[in-house]
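Shown next, in C-alpha coordinates, is the structure this report addresses.
The values are calculated or read from the model by the stated rules, or taken from the named source; none is laboratory data. Please read all numbers here as calculations on a predicted model, not as lab measurements. Here Cβ is always computed from backbone atoms with ideal geometry, including for glycine, and neighbour counts include all displayed protein chains. Side chains are part of the model used for accessible areas, which takes the heavy atoms of the whole protein and leaves out ligands, DNA and RNA. Shrake-Rupley method; radii C 1.70, N 1.55, O 1.52, S 1.80 Å.
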Amino acid sequence: MTKPTAKLEIGGESPEHEFDILKGSVGPDVINIASLYKDTGMFTYDPGFTSTASCESKITYIDGDEGILLHRGYPIEQLAEHGDFLEACYLLLYGELPTKAQKEDFDYRVTHHTMVHEQMTRFFTGFRRDAHPMAVMCGVVGAMSAFYHDSTDISDPHQRMVASLRMIAKMPTIAAMAYKYHVGQPFVYPKNELSYAANFLHMCFAVPCEDYKVNPVLARAMERIFILHADHEQNASTSTVRLAGSSGANPFACIAAGIACLWGPAHGGANEAALNMLSEIGSVDRIPEFIDRAKDKNDPFRLMGFGHRVYKNYDPRAKIMQKTCHEVLGELGIKDDPQLDIAMELERIALTDEYFIEKKLYPNIDFYSGITLKALGFPTTMFTVLFALARTVGWIAQWKEMIEDPKQKIGRPRQLYTGATHRDYVPIAKR
Ligand code: SDX
(Lines give C-alpha, C1' and ligand atoms only; values in the text may rest on other atoms or scores of the structure.)
Protein backbone atom coordinates (compact mmCIF):
# COMPACT_ATOMS: atom_id res chain seq x y z
CA MET A 1 0.00 0.00 0.00
CA THR A 2 1.50 3.36 -1.02
CA LYS A 3 2.21 5.74 1.84
CA PRO A 4 -0.37 8.59 2.04
CA THR A 5 1.09 11.94 0.99
CA ALA A 6 0.03 15.59 0.70
CA LYS A 7 0.87 17.46 -2.50
CA LEU A 8 1.64 21.18 -2.49
CA GLU A 9 1.52 23.18 -5.69
CA ILE A 10 3.09 26.66 -5.36
CA GLY A 11 2.01 29.35 -7.81
CA GLY A 12 0.90 26.77 -10.34
CA GLU A 13 4.51 25.76 -10.87
CA SER A 14 5.48 22.13 -11.22
CA PRO A 15 6.78 19.95 -9.80
CA GLU A 16 4.34 19.64 -6.97
CA HIS A 17 5.97 19.18 -3.60
CA GLU A 18 4.98 15.99 -1.83
CA PHE A 19 5.01 15.43 1.93
CA ASP A 20 4.34 12.26 3.93
CA ILE A 21 1.15 12.05 5.98
CA LEU A 22 1.83 10.41 9.35
CA LYS A 23 -0.93 8.63 11.23
CA GLY A 24 -1.23 8.46 15.03
CA SER A 25 -2.98 5.73 17.01
CA VAL A 26 -5.96 8.09 17.32
CA GLY A 27 -6.68 11.73 16.45
CA PRO A 28 -5.76 13.91 13.47
CA ASP A 29 -3.10 12.77 11.00
CA VAL A 30 -0.15 15.12 10.47
CA ILE A 31 1.65 16.33 7.36
CA ASN A 32 5.40 15.98 7.86
CA ILE A 33 6.68 19.32 6.57
CA ALA A 34 10.19 19.04 8.03
CA SER A 35 11.68 19.32 4.52
CA LEU A 36 9.37 22.19 3.39
CA TYR A 37 11.99 24.95 3.72
CA LYS A 38 14.68 22.83 2.04
CA ASP A 39 12.27 21.88 -0.79
CA THR A 40 10.51 25.23 -1.31
CA GLY A 41 12.50 27.97 0.46
CA MET A 42 9.30 28.75 2.42
CA PHE A 43 8.22 28.42 6.06
CA THR A 44 4.76 27.57 7.34
CA TYR A 45 3.07 30.36 9.27
CA ASP A 46 0.97 29.45 12.31
CA PRO A 47 1.15 32.00 15.18
CA GLY A 48 -0.30 30.42 18.32
CA PHE A 49 0.25 26.97 16.77
CA THR A 50 -3.47 26.48 16.08
CA SER A 51 -2.70 23.84 13.40
CA THR A 52 0.77 22.69 14.40
CA ALA A 53 1.86 19.43 16.03
CA SER A 54 5.14 20.26 17.78
CA CYS A 55 6.07 16.69 18.68
CA GLU A 56 5.06 13.04 18.83
CA SER A 57 3.83 11.91 22.23
CA LYS A 58 2.28 8.85 23.91
CA ILE A 59 1.26 10.52 27.16
CA THR A 60 -2.04 12.40 26.82
CA TYR A 61 -4.74 12.44 24.15
CA ILE A 62 -7.46 15.10 23.93
CA ASP A 63 -10.47 15.03 21.60
CA GLY A 64 -11.70 18.62 21.90
CA ASP A 65 -14.88 18.05 19.89
CA GLU A 66 -15.98 15.08 21.98
CA GLY A 67 -14.63 16.39 25.30
CA ILE A 68 -12.37 13.36 25.78
CA LEU A 69 -9.15 13.34 27.86
CA LEU A 70 -7.04 10.16 28.11
CA HIS A 71 -3.81 9.68 30.03
CA ARG A 72 -1.90 6.74 28.50
CA GLY A 73 -5.32 5.62 27.17
CA TYR A 74 -7.18 5.80 30.50
CA PRO A 75 -10.13 8.28 30.68
CA ILE A 76 -9.63 11.12 33.16
CA GLU A 77 -13.04 10.32 34.69
CA GLN A 78 -11.84 6.81 35.69
CA LEU A 79 -8.45 7.95 36.97
CA ALA A 80 -10.07 10.71 39.06
CA GLU A 81 -12.70 8.32 40.40
CA HIS A 82 -10.62 5.30 41.28
CA GLY A 83 -6.95 6.19 41.70
CA ASP A 84 -4.85 8.53 43.78
CA PHE A 85 -2.49 11.21 42.53
CA LEU A 86 0.72 9.18 42.83
CA GLU A 87 -0.88 6.38 40.81
CA ALA A 88 -1.61 8.94 38.08
CA CYS A 89 2.00 10.18 38.40
CA TYR A 90 3.34 6.64 37.91
CA LEU A 91 1.08 6.16 34.87
CA LEU A 92 2.16 9.45 33.26
CA LEU A 93 5.86 8.78 33.90
CA TYR A 94 6.10 5.09 33.03
CA GLY A 95 3.11 4.47 30.73
CA GLU A 96 1.32 1.74 32.71
CA LEU A 97 -0.76 1.58 35.88
CA PRO A 98 1.48 0.29 38.69
CA THR A 99 1.09 -3.12 40.31
CA LYS A 100 0.59 -3.08 44.09
CA ALA A 101 4.32 -3.62 44.64
CA GLN A 102 5.28 -0.94 42.11
CA LYS A 103 2.84 1.53 43.70
CA GLU A 104 4.17 0.88 47.21
CA ASP A 105 7.77 1.33 46.00
CA PHE A 106 6.90 4.53 44.09
CA ASP A 107 4.97 5.97 47.05
CA TYR A 108 7.91 5.17 49.35
CA ARG A 109 10.45 6.80 47.03
CA VAL A 110 8.38 9.96 46.53
CA THR A 111 7.55 10.21 50.23
CA HIS A 112 11.24 10.02 51.14
CA HIS A 113 12.08 12.97 48.90
CA THR A 114 9.47 15.38 50.32
CA MET A 115 11.85 17.36 52.57
CA VAL A 116 13.75 20.28 51.01
CA HIS A 117 17.34 21.29 51.78
CA GLU A 118 17.14 23.22 55.06
CA GLN A 119 19.09 26.07 53.48
CA MET A 120 16.09 26.68 51.20
CA THR A 121 14.09 28.00 54.14
CA ARG A 122 16.48 30.98 54.21
CA PHE A 123 15.91 31.52 50.50
CA PHE A 124 12.30 32.50 51.24
CA THR A 125 13.28 35.29 53.65
CA GLY A 126 14.53 37.35 50.69
CA PHE A 127 10.95 37.80 49.44
CA ARG A 128 8.48 40.39 50.71
CA ARG A 129 5.71 38.71 52.69
CA ASP A 130 3.13 40.11 50.28
CA ALA A 131 4.95 38.73 47.22
CA HIS A 132 2.59 36.76 44.93
CA PRO A 133 3.20 33.08 45.75
CA MET A 134 3.69 32.36 42.02
CA ALA A 135 6.63 34.80 42.01
CA VAL A 136 8.07 32.85 44.95
CA MET A 137 7.51 29.53 43.14
CA CYS A 138 9.31 30.76 40.00
CA GLY A 139 12.28 31.78 42.15
CA VAL A 140 12.48 28.86 44.53
CA VAL A 141 11.91 26.10 41.95
CA GLY A 142 14.49 27.66 39.65
CA ALA A 143 16.86 27.75 42.64
CA MET A 144 16.49 23.98 43.13
CA SER A 145 19.23 23.56 40.52
CA ALA A 146 21.46 25.41 43.00
CA PHE A 147 20.67 22.86 45.72
CA TYR A 148 20.44 19.56 43.85
CA HIS A 149 23.51 19.54 41.58
CA ASP A 150 23.63 15.73 41.76
CA SER A 151 20.47 15.42 39.62
CA THR A 152 21.08 17.96 36.86
CA ASP A 153 23.00 15.81 34.35
CA ILE A 154 20.19 15.07 31.89
CA SER A 155 22.30 12.54 29.98
CA ASP A 156 22.27 10.23 33.03
CA PRO A 157 19.02 8.19 33.29
CA HIS A 158 19.52 7.75 37.03
CA GLN A 159 19.88 11.50 37.59
CA ARG A 160 16.81 12.12 35.40
CA MET A 161 14.80 9.71 37.55
CA VAL A 162 16.05 11.30 40.80
CA ALA A 163 15.26 14.81 39.50
CA SER A 164 11.77 13.64 38.47
CA LEU A 165 11.06 12.17 41.89
CA ARG A 166 12.48 15.24 43.64
CA MET A 167 10.25 17.58 41.62
CA ILE A 168 7.08 15.56 42.26
CA ALA A 169 7.93 15.08 45.93
CA LYS A 170 9.12 18.58 46.78
CA MET A 171 6.56 20.72 44.95
CA PRO A 172 3.92 20.29 47.72
CA THR A 173 6.53 21.18 50.36
CA ILE A 174 7.68 24.27 48.46
CA ALA A 175 4.08 25.31 47.65
CA ALA A 176 3.11 24.95 51.32
CA MET A 177 6.20 26.96 52.32
CA ALA A 178 5.19 29.71 49.85
CA TYR A 179 1.75 29.77 51.47
CA LYS A 180 3.08 29.76 55.05
CA TYR A 181 5.56 32.52 54.23
CA HIS A 182 2.73 34.53 52.59
CA VAL A 183 0.55 34.30 55.71
CA GLY A 184 3.42 34.78 58.15
CA GLN A 185 3.21 31.37 59.80
CA PRO A 186 6.10 28.96 60.49
CA PHE A 187 6.91 26.29 57.91
CA VAL A 188 5.51 22.82 58.65
CA TYR A 189 7.64 19.80 57.76
CA PRO A 190 6.18 16.93 55.70
CA LYS A 191 4.90 13.89 57.62
CA ASN A 192 5.74 10.58 55.93
CA GLU A 193 2.73 8.72 57.28
CA LEU A 194 0.34 11.01 55.38
CA SER A 195 -0.79 10.55 51.77
CA TYR A 196 0.38 13.04 49.14
CA ALA A 197 -2.62 15.39 49.32
CA ALA A 198 -3.15 14.95 53.08
CA ASN A 199 0.52 15.81 53.61
CA PHE A 200 0.08 18.97 51.52
CA LEU A 201 -3.03 20.06 53.44
CA HIS A 202 -1.19 19.36 56.70
CA MET A 203 1.85 21.42 55.66
CA CYS A 204 -0.47 24.30 54.67
CA PHE A 205 -2.92 24.37 57.56
CA ALA A 206 -1.21 22.80 60.60
CA VAL A 207 0.23 25.19 63.22
CA PRO A 208 2.73 24.33 65.98
CA CYS A 209 0.34 25.21 68.81
CA GLU A 210 -2.18 22.41 68.25
CA ASP A 211 -2.67 19.09 66.50
CA TYR A 212 -4.13 19.29 63.00
CA LYS A 213 -6.25 16.40 61.73
CA VAL A 214 -6.65 16.27 57.95
CA ASN A 215 -10.30 15.81 56.90
CA PRO A 216 -10.22 12.63 54.73
CA VAL A 217 -13.06 13.90 52.48
CA LEU A 218 -11.10 17.09 51.77
CA ALA A 219 -7.87 15.12 51.27
CA ARG A 220 -9.67 12.90 48.72
CA ALA A 221 -10.99 16.01 46.98
CA MET A 222 -7.48 17.48 46.90
CA GLU A 223 -6.10 14.24 45.38
CA ARG A 224 -8.79 14.41 42.69
CA ILE A 225 -8.06 18.09 41.97
CA PHE A 226 -4.38 17.22 41.54
CA ILE A 227 -5.25 14.36 39.17
CA LEU A 228 -7.45 16.68 37.07
CA HIS A 229 -4.55 19.13 36.65
CA ALA A 230 -1.75 16.60 36.11
CA ASP A 231 -1.20 16.80 32.36
CA HIS A 232 -2.89 18.19 29.27
CA GLU A 233 -1.03 17.45 26.02
CA GLN A 234 1.03 20.30 24.49
CA ASN A 235 -0.49 23.29 26.33
CA ALA A 236 1.47 26.54 26.62
CA SER A 237 3.39 25.69 29.80
CA THR A 238 4.18 22.13 28.71
CA SER A 239 5.42 23.46 25.36
CA THR A 240 7.55 25.93 27.35
CA VAL A 241 9.07 23.09 29.38
CA ARG A 242 9.75 21.08 26.21
CA LEU A 243 11.37 24.04 24.46
CA ALA A 244 13.50 24.89 27.51
CA GLY A 245 14.48 21.23 27.86
CA SER A 246 15.39 20.96 24.16
CA SER A 247 18.44 23.15 24.81
CA GLY A 248 19.66 20.71 27.48
CA ALA A 249 18.72 22.96 30.43
CA ASN A 250 18.41 21.09 33.73
CA PRO A 251 14.91 19.88 34.74
CA PHE A 252 14.53 22.32 37.66
CA ALA A 253 15.17 25.29 35.35
CA CYS A 254 12.70 23.85 32.80
CA ILE A 255 9.98 23.41 35.41
CA ALA A 256 10.58 27.00 36.62
CA ALA A 257 10.01 28.12 33.01
CA GLY A 258 6.76 26.14 32.94
CA ILE A 259 5.62 27.76 36.19
CA ALA A 260 6.28 31.21 34.73
CA CYS A 261 4.20 30.42 31.64
CA LEU A 262 1.37 28.83 33.63
CA TRP A 263 1.00 32.04 35.67
CA GLY A 264 -0.66 33.91 32.77
CA PRO A 265 -4.44 34.55 33.14
CA ALA A 266 -5.08 32.98 29.72
CA HIS A 267 -3.62 29.72 31.07
CA GLY A 268 -3.19 28.51 34.64
CA GLY A 269 -3.78 31.97 36.09
CA ALA A 270 -7.41 31.68 34.95
CA ASN A 271 -8.49 29.94 38.16
CA GLU A 272 -7.44 32.99 40.19
CA ALA A 273 -8.88 35.33 37.53
CA ALA A 274 -12.17 33.36 37.42
CA LEU A 275 -12.77 33.77 41.15
CA ASN A 276 -11.84 37.45 40.97
CA MET A 277 -14.33 37.75 38.10
CA LEU A 278 -17.10 36.12 40.17
CA SER A 279 -16.31 38.58 42.97
CA GLU A 280 -16.43 41.49 40.49
CA ILE A 281 -19.81 40.31 39.13
CA GLY A 282 -20.97 40.28 42.74
CA SER A 283 -24.58 39.23 42.18
CA VAL A 284 -26.65 37.12 39.81
CA ASP A 285 -28.55 40.14 38.47
CA ARG A 286 -25.28 41.66 37.17
CA ILE A 287 -24.46 38.61 35.02
CA PRO A 288 -26.11 39.95 31.80
CA GLU A 289 -23.88 43.05 31.98
CA PHE A 290 -20.77 40.86 32.05
CA ILE A 291 -22.05 38.51 29.34
CA ASP A 292 -22.50 41.59 27.11
CA ARG A 293 -18.97 42.76 27.91
CA ALA A 294 -17.57 39.31 27.08
CA LYS A 295 -19.27 39.53 23.67
CA ASP A 296 -18.13 43.11 23.02
CA LYS A 297 -15.17 43.07 20.61
CA ASN A 298 -14.06 46.47 21.94
CA ASP A 299 -14.02 45.27 25.53
CA PRO A 300 -10.96 43.17 26.51
CA PHE A 301 -13.08 41.46 29.21
CA ARG A 302 -13.45 37.72 28.78
CA LEU A 303 -15.33 35.20 30.90
CA MET A 304 -12.46 33.66 32.83
CA GLY A 305 -12.76 29.90 33.12
CA PHE A 306 -14.61 29.77 29.80
CA GLY A 307 -13.33 28.72 26.40
CA HIS A 308 -10.42 26.55 25.38
CA ARG A 309 -8.05 26.22 22.44
CA VAL A 310 -8.81 22.52 22.12
CA TYR A 311 -12.13 21.80 23.88
CA LYS A 312 -15.03 22.86 21.69
CA ASN A 313 -17.21 20.86 24.03
CA TYR A 314 -17.46 20.67 27.81
CA ASP A 315 -13.99 20.22 29.39
CA PRO A 316 -14.38 16.76 31.01
CA ARG A 317 -12.30 18.01 33.93
CA ALA A 318 -14.75 20.86 34.57
CA LYS A 319 -17.60 18.39 35.14
CA ILE A 320 -15.57 16.47 37.73
CA MET A 321 -14.40 19.74 39.27
CA GLN A 322 -18.02 20.91 39.59
CA LYS A 323 -18.95 17.63 41.33
CA THR A 324 -15.92 17.98 43.63
CA CYS A 325 -16.92 21.57 44.37
CA HIS A 326 -20.36 20.45 45.59
CA GLU A 327 -18.74 17.64 47.64
CA VAL A 328 -16.31 20.02 49.37
CA LEU A 329 -18.95 22.67 50.06
CA GLY A 330 -21.25 19.94 51.39
CA GLU A 331 -18.56 18.47 53.66
CA LEU A 332 -17.79 21.94 55.01
CA GLY A 333 -21.48 22.71 55.54
CA ILE A 334 -21.33 25.69 53.16
CA LYS A 335 -24.97 25.83 52.14
CA ASP A 336 -25.19 28.87 49.91
CA ASP A 337 -21.94 30.13 48.47
CA PRO A 338 -22.87 33.31 46.57
CA GLN A 339 -19.98 32.83 44.16
CA LEU A 340 -21.15 29.29 43.38
CA ASP A 341 -24.66 30.62 42.76
CA ILE A 342 -23.22 33.20 40.37
CA ALA A 343 -21.02 30.56 38.66
CA MET A 344 -23.93 28.14 38.16
CA GLU A 345 -26.20 30.89 36.80
CA LEU A 346 -23.39 32.28 34.62
CA GLU A 347 -22.82 28.80 33.17
CA ARG A 348 -26.56 28.29 32.58
CA ILE A 349 -26.92 31.61 30.76
CA ALA A 350 -23.70 31.28 28.76
CA LEU A 351 -24.54 27.77 27.57
CA THR A 352 -27.84 29.00 26.13
CA ASP A 353 -26.42 32.22 24.63
CA GLU A 354 -25.99 32.23 20.82
CA TYR A 355 -22.50 33.84 21.05
CA PHE A 356 -21.09 31.11 23.29
CA ILE A 357 -22.85 28.34 21.38
CA GLU A 358 -21.57 29.60 18.03
CA LYS A 359 -18.01 30.01 19.34
CA LYS A 360 -18.26 26.69 21.24
CA LEU A 361 -17.26 28.27 24.54
CA TYR A 362 -17.77 25.98 27.52
CA PRO A 363 -16.55 26.09 31.13
CA ASN A 364 -13.00 24.79 31.44
CA ILE A 365 -11.15 23.34 34.40
CA ASP A 366 -10.55 26.77 35.88
CA PHE A 367 -14.22 27.70 36.16
CA TYR A 368 -15.13 25.77 39.31
CA SER A 369 -11.67 25.13 40.75
CA GLY A 370 -11.41 28.57 42.37
CA ILE A 371 -14.62 28.17 44.39
CA THR A 372 -13.43 24.75 45.57
CA LEU A 373 -9.93 25.90 46.52
CA LYS A 374 -11.31 28.93 48.36
CA ALA A 375 -13.62 26.62 50.35
CA LEU A 376 -10.58 24.44 51.19
CA GLY A 377 -9.03 27.52 52.78
CA PHE A 378 -6.63 28.80 50.11
CA PRO A 379 -6.36 32.49 49.17
CA THR A 380 -6.91 33.22 45.45
CA THR A 381 -3.21 33.98 45.05
CA MET A 382 -2.47 30.30 45.82
CA PHE A 383 -4.80 28.85 43.16
CA THR A 384 -2.26 28.81 40.33
CA VAL A 385 0.40 27.50 42.72
CA LEU A 386 -1.80 24.43 43.24
CA PHE A 387 -2.23 24.10 39.48
CA ALA A 388 1.60 24.21 39.12
CA LEU A 389 2.02 21.67 41.93
CA ALA A 390 -0.22 19.19 40.13
CA ARG A 391 1.06 19.95 36.61
CA THR A 392 4.67 19.30 37.63
CA VAL A 393 4.26 15.57 36.94
CA GLY A 394 2.91 16.33 33.45
CA TRP A 395 5.76 18.71 32.73
CA ILE A 396 8.31 16.16 33.98
CA ALA A 397 6.72 13.28 32.02
CA GLN A 398 6.70 15.33 28.81
CA TRP A 399 10.26 16.55 29.44
CA LYS A 400 11.40 12.95 30.05
CA GLU A 401 9.67 11.77 26.84
CA MET A 402 11.42 14.52 24.87
CA ILE A 403 14.87 13.90 26.38
CA GLU A 404 14.57 10.15 25.73
CA ASP A 405 13.51 10.71 22.09
CA PRO A 406 16.55 9.76 19.93
CA LYS A 407 15.31 12.25 17.27
CA GLN A 408 15.26 15.09 19.83
CA LYS A 409 16.89 18.36 18.76
CA ILE A 410 16.80 21.95 19.99
CA GLY A 411 13.54 23.72 19.15
CA ARG A 412 14.19 26.79 17.01
CA PRO A 413 11.15 28.23 15.12
CA ARG A 414 11.57 30.75 12.27
CA GLN A 415 9.44 33.84 11.41
CA LEU A 416 7.75 35.95 8.76
CA TYR A 417 9.95 39.07 8.79
CA THR A 418 8.13 42.33 7.98
CA GLY A 419 10.62 44.79 9.49
CA ALA A 420 13.02 47.24 7.81
CA THR A 421 15.24 45.86 5.05
CA HIS A 422 18.96 46.78 4.79
CA ARG A 423 19.79 50.42 5.49
CA ASP A 424 23.04 52.17 6.51
CA TYR A 425 23.76 53.80 9.85
CA VAL A 426 23.09 57.59 10.01
CA PRO A 427 25.26 59.63 12.40
CA ILE A 428 23.19 61.41 15.05
CA ALA A 429 24.21 64.82 13.68
CA LYS A 430 22.45 63.94 10.43
CA ARG A 431 19.15 62.54 11.87
C1 SDX B 1 -6.09 26.35 30.69
O2 SDX B 1 -4.11 24.53 26.54
C3 SDX B 1 -4.53 23.89 27.59
O4 SDX B 1 -4.70 22.68 27.58
C5 SDX B 1 -4.71 24.76 28.82
C6 SDX B 1 -5.29 24.06 30.04
C7 SDX B 1 -4.33 23.02 30.61
O8 SDX B 1 -4.82 22.13 31.33
O9 SDX B 1 -3.12 23.18 30.41
O10 SDX B 1 -6.52 23.44 29.71
C11 SDX B 1 -5.55 25.06 31.18
O12 SDX B 1 -5.32 27.24 30.40
C13 SDX B 1 -7.57 26.48 30.44
C14 SDX B 1 -7.95 27.85 29.82
C15 SDX B 1 -7.95 28.89 30.95
N16 SDX B 1 -8.12 30.24 30.38
C17 SDX B 1 -9.26 30.93 30.55
O18 SDX B 1 -10.28 30.48 31.06
C19 SDX B 1 -9.17 32.37 30.06
C20 SDX B 1 -10.42 32.71 29.24
N21 SDX B 1 -10.38 31.95 27.98
C22 SDX B 1 -9.83 32.62 26.82
O23 SDX B 1 -8.82 33.53 27.07
C24 SDX B 1 -9.62 31.66 25.65
O25 SDX B 1 -10.75 30.89 25.53
C26 SDX B 1 -8.41 30.75 25.65
C27 SDX B 1 -7.16 31.50 25.86
C28 SDX B 1 -8.55 29.70 26.70
C29 SDX B 1 -8.37 30.07 24.28
O30 SDX B 1 -8.16 31.06 23.37
P31 SDX B 1 -8.00 30.71 21.79
O32 SDX B 1 -8.03 29.27 21.54
O33 SDX B 1 -6.83 31.48 21.26
O34 SDX B 1 -9.35 31.21 21.23
P35 SDX B 1 -9.59 32.68 20.78
O36 SDX B 1 -9.03 33.62 21.81
O37 SDX B 1 -9.18 32.83 19.38
O38 SDX B 1 -11.18 32.74 20.93
C39 SDX B 1 -11.99 32.29 19.88
C40 SDX B 1 -13.16 33.25 19.89
C41 SDX B 1 -12.72 34.73 19.88
O42 SDX B 1 -13.75 35.46 19.26
P43 SDX B 1 -13.48 35.91 17.68
O44 SDX B 1 -12.16 36.68 17.68
O45 SDX B 1 -13.39 34.61 16.90
O46 SDX B 1 -14.67 36.76 17.35
O47 SDX B 1 -13.90 33.07 21.12
C48 SDX B 1 -13.85 34.28 21.87
C49 SDX B 1 -12.72 35.11 21.33
O50 SDX B 1 -13.01 36.51 21.51
N51 SDX B 1 -13.58 33.86 23.26
C52 SDX B 1 -14.17 34.35 24.33
C53 SDX B 1 -13.63 33.64 25.41
N54 SDX B 1 -12.74 32.77 24.98
C55 SDX B 1 -12.70 32.91 23.64
N56 SDX B 1 -15.10 35.31 24.49
C57 SDX B 1 -15.49 35.55 25.75
N58 SDX B 1 -15.03 34.92 26.86
C59 SDX B 1 -14.10 33.95 26.71
N60 SDX B 1 -13.65 33.32 27.78
Kindly check whether there is at least one residue in segment 386-397 that is more than 22 Å from the chain's Cα centre (by Cα) and not in a loop (DSSP other than H, G, I, E, B).
no
Quickly run through segment 1-17 and pick out the residues that are in a strand (DSSP E or B), farther than 17 Å from Thr44 by Cβ and of a type outside the set (Asp, Glu).
Ser14, Pro15
On the given criteria, is Glu233 at pLDDT below 95 and either surrounded by 17 or more Cβ atoms within 10 Å (Cβ to Cβ) or not in a helix (DSSP H, G or I) (or both)?
no
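A quick yes/no check of all residues on (1) aliphatic (A, V, I, L, M); (2) more than 10 Å from the ligand (Cβ to nearest atom):
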{"residue": "Ile357", "(1), (2)": "yes, yes"}
{"residue": "Leu361", "(1), (2)": "yes, no"}
{"residue": "Phe367", "(1), (2)": "no, no"}
{"residue": "Gly370", "(1), (2)": "no, yes"}
{"residue": "Phe378", "(1), (2)": "no, yes"}
{"residue": "Thr381", "(1), (2)": "no, yes"}
{"residue": "Leu389", "(1), (2)": "yes, yes"}
{"residue": "Val393", "(1), (2)": "yes, yes"}
{"residue": "Ile396", "(1), (2)": "yes, yes"}
Every residue in segment 113-124 that is open to solvent by 90 Å² or more (accessible area, probe 1.4 Å) and free of Cβ contacts under 8 Å to residues at least 24 places away in the same chain, please.
Glu118, Arg122
Taking the condition within 19 Å of Leu389 (Cα to Cα) and either modelled with pLDDT under 95 or within 6 Å of the ligand (Cβ to nearest atom) (or both), does Ala294 pass?
no
Is at least one residue of segment 46-54 part of a helix (DSSP H, G or I), within 27 Å of Lys400 (Cβ to Cβ) and either more than 16 Å from the ligand (Cβ to nearest atom) or aromatic (Phe, Trp, Tyr) (or both)?
yes
Checking Ser239 against (1) open to solvent by less than 20 Å² (accessible area, probe 1.4 Å); (2) within 16 Å of the ligand (Cβ to nearest atom); (3) of a type outside the set (A, V, I, L, M, F, W, C), only one condition comes out false. Which one?
(1)
